[in-house]
Amino acid sequence: MMKMVIILTNKDDVTSDFIVRELKEQTIEYYRLNTEDIPQWIDVKFSLKENSYVLIDRKRHIEIDLGKITAVYFRRAQVATLEHIDANVQEKRYLRGELAYLLEGIYKILDNQYWLNNIYKIREAENKIYQLQIARELGFIIPESLITNVPESVIDLMGGFKDDCIIKPIKSGNVDIETSSKIIFTSKIEKDFFEDKTRIAAFPIYVQENIHKQYDLRCIVIGNDVFCAQIESQKYDDSKIDWRKGKNFLIHKKHELPKDIKEKCIQITKRLSLNYSAIDLILDKNGQYIFLECNPNGQWAWLEIRLGFPISKKIVELIREGGC
């Protein structure tokens with residue numbers, strides 16, 4: 001049987017372009033499924049009676065038998081907007097829901113193949129409460145953290161750290177709205193936040209001590225390989241709390257992690273049942289490595305460009321070993 005990798009993503013995902021290039025370099029057969037092309041450009045023919053699951057790509061004039069897929073690289077699958085269909089808003093919402101479950105069916109068809117990373121493991125691993133529990137078990141230093149909607153508990157935490165705390169999302173900060181999307185960044189809690197306690201009581205929030213740092217670290221884990229980038233986030237005020245928020249060019253450097261920290265990065269990735277992860281650490285003013293969070297499907301292409309890390313090569317090598 002011919003070995004084949006399927007890439008599950010969308011047509012705007014530049015990161016997958018790096019994987020496509022490396023798959024070609026290593027002469028591995030692949031198919032890139034831009035999922036938003038279903039059904040406008042890609043037909044589906046799933047026969048439960050014949051146990052046959054085929055995609056028909058009308059742009060490329062090829063058929064893809066999902067039964068012949070041996071490995072999956074999952075990135076950023078999207079559901080079609082269905083602009084080509086003449087239907088009202090409610091009808092399109094219903095149809096997009098049907099497409100979402102069609103994609104879930106595709107994931108299940110491919111569930112027994114080698115994934116980087118399995119979509120269901122990504123969803124489980126995205127929960128930051130779960131991550132912090134495992135990180136602490138593995139011996140990482142973690143910030144003092146509180147998830148609560150009890151105003152007095154937040155006030156006590158703030159008092160213990162001289163009102164120097166941050167607030168962040170429990171899962172991810174990506175918010176999709178009707179016309180666009182935005183990101184909720186980690187932010188410092190201002191004193192006027194507590195003027196209306198009913199706002200805190202209305203909904204649980206995720207609060208941490210604000211650890212003053214030398215710099216941020218983005219650690220890319222691929223199997224047993226770890227590549228660490230040092231991000232000089234403290235030079236500008238807008239990037240001190242959350243470096244992603246900064247508008248200025250931030251210096252990046254290669255950073256050599258201590259052996260025990262590197263091993264913990266590998267261990268937490270495996271404990272989360274992931275083959276890849278992007279882990280955010282910080283080095284504090286006392287020289288301690290602090291675990292912040294693990295991004296099970298985090299971005300990496302910019303680090304390959306800026307620091308020359310062979311990330312796409314290692315990803316494809318891992319895919320080849322696992323499923324090809």
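Any idea what the dipole of the range 131-175 comes to, in debye rounded to 20, about its Cα centre with Lys/Arg Cβ at +1 and Asp/Glu Cβ at -1? Here the size comes out at about 240 debye. Charge dipole (Cα centre; +1 on Lys/Arg Cβ, -1 on Asp/Glu Cβ; no other charges) of the range 1-71 amounts to roughly 200 debye. Note that the range 113-120 has calculated 3J(HN,Hα) couplings of 8, 7, 10, 9, 9, 4, 4, 6 Hz, one per residue in order, obtained from phi through the Karplus relation 6.51 cos²θ - 1.76 cosθ + 1.60 (θ = phi - 60°); glycine and proline are x. Across the chain, the longest run free of exposed loop sites, meaning GluC sites (Glu not before Pro) lying outside DSSP classes H, G, I, E and B with no more than 10 other Cβ atoms within 10 Å, spans 84-177. Taking the dipole about the Cα centre of the chain, with the C-beta of Lys and Arg at +1 and of Asp and Glu at -1, give me whichever of PRO151, CYS219, TYR94 is farthest to the positive side. Of PRO151, CYS219, TYR94, it is CYS219. Using 0.36 nm per residue and subtracting the Cα-Cα separation, the extra length available between GLN288 and LYS49 on full extension is 80.2 nm. A probe of 1.4 angstrom, applied to the heavy atoms of all protein chains, finds THR148 with accessible area near 20 square angstrom. Only Lys, Arg, Asp and Glu carry charge here, each on its Cβ (+1 for the first two, -1 for the last two); on that basis the range 71-206 has a dipole of about 360 debye about its Cα centre. Considering only the other residues whose Cβ falls under 12 Å of the Cβ of LYS253, what net charge follows from Lys and Arg at +1 and Asp and Glu at -1? After counting each charged neighbour, the total is 0. Ignoring lysines fewer than eight residues from LYS168 along the same chain, the ones with Cα atoms less than 19 angstrom from its Cα are LYS128, LYS182, LYS188, LYS191, LYS197, LYS213, LYS240, LYS245. Rounded to the nearest 500, what is the 222 nm mean residue ellipticity of the chain from helices alone, with -39500 (n - 2.57) per DSSP H run of 4+ residues and division by all residues? Mean residue ellipticity, 222 nm, calculated: -9000 deg cm²/dmol.
Estimated from the Cβ-Cβ distance and a Förster radius of 30 angstrom, the FRET efficiency linking GLN299 and ALA202 is about 0.35. Counted by Cβ distance under 13 Å from GLN26, the other residues give a net charge of +1, where Lys and Arg count +1 and Asp and Glu count -1. Across the range 54-61, computed HN-Hα scalar couplings (Karplus, 6.51 cos²θ - 1.76 cosθ + 1.60, θ = phi - 60°) run 10, 9, 10, 8, 7, 6, 9, 6 Hz from first to last residue, x flagging Gly and Pro.
The values are calculated or read from the model by the stated rules, or taken from the named source; none is laboratory data. Note that the structure is a prediction, hence the values are computed from the model and not measured. Here the Cβ is made from the backbone with ideal geometry for all residues, glycine too, and neighbour counts use every protein chain on show. Surface areas here come from the heavy atoms of the whole protein model, side chains and all, with no ligands, DNA or RNA. Shrake-Rupley method; radii C 1.70, N 1.55, O 1.52, S 1.80 Å.
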